[in-house]
Structure formats: C-alpha cells, structure tokens
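The values are calculated or read from the model by the stated rules, or taken from the named source; none is laboratory data. Fair warning: this is a prediction, and the values are worked out from it, not measured in the lab. Counting neighbours? That spans all protein chains shown, and the Cβs are built from the backbone with ideal geometry, glycine included. Quick note on the areas: whole protein, heavy atoms, side chains included, nothing else; ligands and nucleic acids left out. Shrake-Rupley method; radii C 1.70, N 1.55, O 1.52, S 1.80 Å.
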Amino acid sequence: MFVKMAAFTGEHWRSELPGHEIFIKLREKLHLEPQASGRRLAKNLTFCLNGDLFVWDDDDSVFYTTNLRQLNSEERDSSAHQTLMCINPPRFEVCEVLLSPTQYHVALIGHRGATVLELPQRWGKKSEFEGGRSQINCKTIPVAERFFTSSTSVTLRQAAWYPSETEEPHLVLLTSDNTLRFYSLKEPHTPARVLSVSQSEEDSTVHTRGRSYAASLGEIAVAFDFGPAAGAPRQRVGQRVKEEVLAYPLYVLYENGETYLIYTSLAHSGGTLGKLLGPLPMYPAAEDNYGYDACAVLCLPCVPNILVITTETGTLYHCVVLEAEEEEESGAVERWTRGSEAVPSLYVFECVELELTLKLAAGEEEEPVESDFTCPIRLHRDPLCQHRYHCTHEAGVHSVGLTWFNKLHNFLQSDEEDKDSLQELAAEQRCIVEHILCTRPLSSSSSAPVRGFWIVSDLSLGATMICITSTYECLLLPLLSSIRPPSPPLLCSHPGVGPGSSPLRGLANDPFEQHIRNILARSSTNPLLLRAGDKDMSSPPPECLQLLSRATQVFREEYILKQDLAREEMQRRVKLLNGQKKKQLEDLALCREDRKSLRESAERLADKYEDAKYRQEAIMNRVKQVLGSLRSQLPVLSDSEKDMRKELQTINDQLRHLGNGIKQVNMKMEYQKKQMEKGVSPGKASIALSVHQKKCVQGVLKEQGEHIADMMKQIKDIKNQFSF
C-alpha cells in the first residue's frame with residue numbers, strides 16, 4: 001500500500017500540470033494572436049531546468065515557470081508560478097528557446113534576430129528565483145541587433161550555443177547569406193568570428209545575384225550541428241609537422257543534400273580550423289545525392305557518431321561518420337576536399353520515411369494516393385538515450401530509436417574483415433519509428449503545429465515527453481517503449497553463466513523473447529490525433545470515415561495480424577518444448593536406471609578391490625621372506641652387509657678408545673681424591689690464588705667436566721644400541 005501511495009505521489013505532477021494556471025492564462029490570450037493565413041511552423045517555446053518548467057509567452061514577452069517537484073509535494077498549489085520579464089524584450093516573433101550549456105542563459109531565437117535572457121539567481125527554502133518573487137525583471141542581451149536592423153533581406157536560419165562549458169558562452173548564428181557568426185555575450189554586436197559557408201568562392205563576393213543563383217541550385221546552408229569534441233589537425237606554415245588541437249566538428253547541411261565540415265575552436269586558429277571542408281562523400285553513392293530539400297541535421301553524441309539528415313518530404317538518412325583512410329588515392333580525396341586535408345565519409349546506413357500526414361486506407365480497386373505534403377522538420381536529442389531522437393514538425397511529433405546501434409558498435413570494435421555481416425545487419429535490423437502525435441491528419445486539414453517540446457530527464461519525476469499544442473494544451477506522453485538506454489550492471493551480476501542457468505542460454509544470440517518482439521514490432525501506429533479549430537465543431541463525415549478506415553487498417557495489420565503470428569509462433573514453440581520435455585523425461589528415466597546399475601557395479605568393484613588389495617599384501621610379504629632366506633644362504637656378503645660390517649668394526653675401535661679414555665679419567669680422579677685426603681700440613685702457609693687464577697682453574701675444571709659428561713653419554717648410547 002505504501003509503495004502504491006509513493007508511486008501515486010511521485011506522478012501527481014502529471015495530473016496537475018495540464019490544468020496549471022500557466023496554461024489557463026495562455027489559452028485566454030489565444031484570441032489576441034493574429035490569425036495567420038498561410039502555413040504555420042512548429043515552435044519550441046519550452047524547456048526544463050532542475051525540475052522547473054519554463055514556457056514562453058510571446059504576447060507579453062515573458063517566461064512563466066513552475067516547479068514540477070512542488071506539484072508532487074503535499075503543499076502543492078496548481079496556481080503557483082513565477083514570471084520572468086524581459087527588461088529589453090525582443091522585437092521579433094520568438095520561434096525557439098535554447099538553454100546554454102552552462103545553464104545560466106536562455107537564447108530567444110526568431111527569424112529576424114536573437115536575444116539572450118540571463119536567468120536570475122536562486123535562494124530561499126525552496127530554491128526559487130530571487131526567493132520566490134512572483135515577478136522578476138531579467139537582464140536581456142540583444143545579439144546582432146544592428147546587423148539585422150541594417151540587413152533587412154537577411155534572415156536567421158538557425159542558432160545554437162557553442163557546446164563548450166568551460167569557455168565564455170558564445171551564440172552561433174547561421175544567416176541566409178551563407179555565413180556563420182560567433183557572438184560573445186560580452187560583445188553581442190560584433191561577431192567574435194565570421195565563417196563563410198559558401199560552396200564557391202565567387203558566392204562570397206557577389207551579394208544578391210550570387211545568392212539567388214546559389215538558392216536556385218540548392219547551395220544555401222539551411223542547418224548545422226556540432227559534434228563531440230575531437231582532435232583536429234593544425235598545419236604550420238612551411239612545416240610538415242601536424243599538431244592536433246581540441247576542436248568541435250561543425251557539420252553544415254545545404255539544401256541540395258550535401259554536408260560540409262568545419263573544425264571550430266575559440267582558443268586556436270589556423271590550419272584546418274575554420275576552413276570549410278567537403279562535401280563529405282556519402283556511400284553508397286546515389287544518383288539524386290539522397291534527395292533535395294534538406295532542412296535539418298543532427299549529430300548524435302555516440303561512438304561512432306551518427307549523423308541524421310532530414311528533408312522536408314519526411315525522409316531521414318542515418319549516416320555513420322567514418323574517418324578517412326590513408327590508403328585512399330590522392331586523386332579521389334582531392335575531388336571531395338578543398339585542399340590536401342582528408343575529410344570523413346558518411347556511410348548511409350538506412351533511409352526512413354516519416355508519415356507526416358496519415359496514409360489513408362485505399363479500397364480494393366483504388367490505388368493508394370501518395371501525399372505530397374512537405375514541411376520543415378526539427379530534430380531534438382534525447383537526454384536519456386544517445387541513440388534516440390525526436391522529430392517535431394507542422395504535422396506532429398515522431399520518435400526514432402536506432403535499435404541496430406549496439407550491434408554496429410560491436411562490429412566496428414571487432415577485428416572482423418567480413419563486411420557481409422554488416423550488410424545482413426542493415427537488412428534485418430531497422431530503426432523503430434513511433435508516431436506520437438498527429439496534429440494534421442490529412443493534407444486538407446488546418447495547420448496546428450506544436451508550440452513546445454521537451455524530454456523530462458529528471459528520474460525523480462519520471463521520463464516523460466512534454467508537448468504543448470497550438471492551443472496551449474499540455475500533453476504528457478510516454479517515451480518510445482522499444483528503445484531504452486542500457487541499465488548499469490548490478491554489483492552482484494556475474495559475466496559468466498550462473499550455476500543455476502542452462503548453458504544453452506549462453507549460446508542463443510537471439511532469444512525467443514526478442515524474436516516475439518521482432519514479430520510484434522510495428523511499422524506504423526495510431527498516434528494521438530489533434531485538429532485545429534473549435535473543439536465543439538465536428539469534423540466532416542468523409543474525413544471521419546477516412547480516419548476511421550485508416551485506424552481500422554492499422555489495428556488490423558499492425559496489431560491483430562501480428563498478434564496472430566506471435567500466437568502461432570508461441571504455439572509452435574510450446575509444441576516443440578513439450579516434445580523436448582517428453583524426450584528429456586525419457587532420457588532422465590534412462591539416466592536414473594543407468595545410475596542405479598552403475599552404483600551396484602561400483603559396489604561390486606569396491607569389494608573386489610579390497611580383496612585384491614589384501615591378497616597383494618600377503619603375496620608381497622611372502623616374496624620378502626623368500627628373498628630374505630635366499631640372501632642369507634648366499635656365501636658372499638652383499639654390499640649392505642659389507643657396509644654394516646665396516647660400521648661395526650669402526651664402532652668397536654671407538655669403544656676401545658673410549659674405554660681407555662675412561663680408565664685414564666678414573667685414574668686421575670683417584671689421584672685427585674688421594675691428594676685431597678692428604679690435605680695441607682698445618683705448619684705450611686696456605687696458598688692464596690688471585691681472582692684471575694681462580695677463574696682459569698674454574699674454567700679448566702668446567703671444560704673437563706663437560707668433556708667427561710659427553711664421554712659418559714656416548715658410552716651409554718653405545719651400550720643401549722648394542723645391548724652390552
């Protein structure tokens with residue numbers, strides 16, 4: 001009961017957050033927004049920091065924040081929140097908010113500018129901003145304000161923070177004039193570094209006409225992303241020695257599908273640093289260069305790096321970044337580089353088609369209608385799993401999990417030279433795509449893109465996906481269930497096969513449970529459907545019928561049919577296991593009978609062994625007696641008897657010498673006694689000995705006594721030995 005109460009209390013914020021005062025206030029301002037006649041793009045106006053949820057209100061240019069942990073406490077208040085106001089609010093429409101790596105600044109990004117908001121300090125019992133004040137003025141730093149004011153034709157395509165956490169925060173802006181600008185917060189109006197990303201040098205000199213030609217050819221940079229820090233070669237002028245410096249690889253994506261590489265470092269320059277390298281070769285080669293209308297790129301921070309390239313048609317390319325080999329021909333390398341530096345290559349591991357709008361079920365005589373709906377797609381990393389990411393766009397939200405990454409990593413770490421196994425891996429293992437949310441079911445439906453997306457990575461709150469719809473409804477959705485990060489091994493875990501487990505389990509690389517999971521894996525799902533407009537207004541009957549037919553078809557093909565296949569597979573497995581169980585029971589009965597017979601045989605053999613051992617000992621004793629009698633009848637002495645005779649003679653001589661010594665000692669002793677009995681004459685003066693003389697006499701007597709004791713001991717031992 002206590003476990004259930006704890007679980008309910010830990011997840012209480014999920015039921016409290018959708019009805020929070022923040023979203024009620026935002027929904028009340030929906031009528032103040034201008035009604036856009038054209039298409040609306042997906043935004044991302046929310047993020048989480050240390051359990052605090054931040055939501056941007058573009059009408060009032062403020063941040064609303066509430067603590068999710070406080071919603072789990074007993075003293076929770078669904079209306080408690082703080083308002084972070086901007087001292088200098090942005091003068092453009094904010095489309096995205098970005099939290100800095102140091103988590104002290106938030107970038108407000110729009111198509112016509114960027115502004116950085118500095119988060120206030122925390123203190124107090126609940127560690128709230130400025131002790132829990134309801135309204136707080138925050139310092140804002142406009143970035144490149146004069147540049148966007150003077151360059152009216154230039155728009156901001158993408159912005160990102162420089163990924164270093166130890167250096168001064170820098171904001172990187174990619175503008176429509178094919179230029180990357182690095183801005184420091186200390187000097188927000190002057191770029192610290194400017195990198196031209198034009199594919200040809202002529203485009204950098206020609207302004208309007210050059211950009212129009214480049215745009216018609218798709219040579220416009222549309223997106224970029226930083227990869228993990230790596231060593232970049234730094235050439236010195238006039239020397240061949242190369243020195244590696246720590247730099248961040250920056251992948252730049254162009255509209256024509258080509259990808260370039262720039263090694264960036266704020267502390268170093270020169271050599272390959274800041275130089276546009278590419279385009280990166282893509283293998284296997286394709287005639288259309290893997291499509292056009294590219295719109296986003298994402299570098300997953302795993303080893304090896306996975307580069308995700310997406311197009312506006314919903315096509316995803318998963319590319320493995322492989323370092324250039326030294327064995328390649330110099331002519332081939334020069335075709336793909338703008339100098340003598342080798343560039344990594346992209347191996348397109350798989351291609352995935354996202355279902356932007358729902359594919360409707362076609363009749364028996366009708367042909368399926370291909371949707372021509374396109375829209376820009378945003379890519380988001382997953383903080384809980386490196387080989388998982390999420391896609392947000394005008395038509396909804398998708399989650400993508402790379403199930404083949406672990407096998408690919410093991411393959412690249414091994415020393416195998418057979419590339420066929422990699423092709424088999426690419427043919428069998430595909431990524432899992434789950435359609436989480438659909439905001440535009442049909443191409444004819446109104447546009448209702450999401451306004452916010454975030455993954456709650458705090459394990460105390462539970463891994464949850466937060467989606468804020470176009471009407472400011474907060475949806476808390478589960479993460480992709482088929483992809484989970486690997487759990488750390490337990491301290492009691494054993495790498496080998498345990499004594500209680502079957503050794504055959506270690507031989508099975510693909511267990512039956514995984515086989516059933518592969519059968520039940522779905523290629524398409526029924527997402528949560530949202531539609532634009534009034535909730536009370538019902539959809540047209542033809543549209544409802546199409547959606548119902550589509551949902552029915554998905555349930556029939558992706559659920560019922562696959563469950564039937566899984567049931568048949570399990571029945572086949574049960575039948576096979578029953579047969580194996582019957583055969584094993586028969587083998588077990590035979591083994592028991594064999595064990596009984598072997599035990600009886602062992603008892604008989606033990607008795608025979610004891611009898612044979614007793615007889616062997618008796619025979620050995622008889623043999624010894626016979627050999628002894630034969631030896632005693634021989635006229636010639638053996639070597640051992642000769643040695644014994646010599647030893648006895650030696651002992652006899654020693655006894656004779658010892659006897660003589662004893663006689664001499666006895667004689668001396670008798671003589672000393674006689675001398676002692678005579679005594680000293682009374683008239684004669686006594687002899688006085690000095691101390692030294694006394695010591696010498698005592699030492700001689702002691703040595704003689706010890707010598708006599710040793711001789712007596714030897715005589716006694718000899719008598720005992722020969723029984724004299």
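Rundown of residues vs (1) in contact with a Gly (Cβ under 6 Å, 6 or more places away or on another chain); (2) open to solvent by less than 40 Å² (accessible area, probe 1.4 Å), yes/no style:
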| site | (1), (2) |
| --- | --- |
| Val94 | yes, yes |
| Lys125 | no, no |
| Gly132 | yes, yes |
| Pro142 | no, yes |
| Glu167 | no, no |
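Restricting the first member to segment 156-182 and to residues that are at positive phi, and the second to residues that are part of a loop (DSSP other than H, G, I, E, B), the beta-carbon pairs closer than 7 Å and six or more apart or on different chains are Asn178/Val197; Asn178/Ser198; Asn178/Ile220. Kindly evaluate Gly628 against the criterion of being at pLDDT 90 or above, in a helix (DSSP H, G or I) and either touching a helix residue (DSSP H, G or I) at 6+ places or on another chain (Cβ under 9 Å) or within 30 Å of Ile718 (Cα to Cα) (or both). When the stated conditions are applied, Gly628 does not pass them. Scanning segment 318-331 for residues that are within 23 Å of Leu253 (Cβ to Cβ) and open to solvent by 20 Å² or more (accessible area, probe 1.4 Å), which turns out modelled with the highest pLDDT? For segment 318-331, the residue satisfying everything is Leu322.
On the stretch given as segment 144-159, residues that are polar (S, T, N, Q), open to solvent by 50 Å² or more (accessible area, probe 1.4 Å) and more than 41 Å from the chain's Cα centre (by Cα) total 4. So, Leu689, is that one outside any helix (DSSP H, G or I), touching a helix residue (DSSP H, G or I) at 6+ places or on another chain (Cβ under 9 Å) and either open to solvent by 80 Å² or more (accessible area, probe 1.4 Å) or among the small types (Gly, Ala, Ser) (or both) or not? Taking the combined requirement at face value, the residue satisfies it. For segment 244-269, filtered to residues that are aromatic (Phe, Trp, Tyr) and over 19 Å from Thr310 (Cβ atoms), the residue that is surrounded by the most Cβ atoms within 10 Å (Cβ to Cβ) is Tyr263. Pairing each residue of segment 10-33 that is touching a residue at least 24 places away in the same chain (Cβ under 8 Å) with any residue that is among the aliphatic types (A, V, I, L, M) and assigned to a loop (DSSP other than H, G, I, E, B), provided the two are 6+ apart or on different chains, yields C-beta distances under 6 Å for Trp13/Leu68.
Here is a yes/no grid of residues against (1) surrounded by fewer than 18 Cβ atoms within 10 Å (Cβ to Cβ); (2) modelled with pLDDT of 85 or more; (3) in contact with a strand residue (DSSP E or B) (Cβ under 6 Å, 6 or more places away or on another chain):
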residue	(1), (2), (3)
Ser371	yes, no, no
Arg378	no, yes, yes
Leu408	no, no, no
Leu412	yes, no, no
Asp418	yes, no, no
Gln423	yes, no, no
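The residues of segment 528-550 that are part of a helix (DSSP H, G or I) and either crowded, with 16+ Cβ neighbours inside 10 Å or at pLDDT 80 or above (or both), listed by number, are Glu543, Gln546, Leu547, Arg550. Residues that are over 28 Å from Thr392 (Cα atoms), modelled with pLDDT of 85 or more and open to solvent by 20 Å² or more (accessible area, probe 1.4 Å) do occur in segment 270-279.
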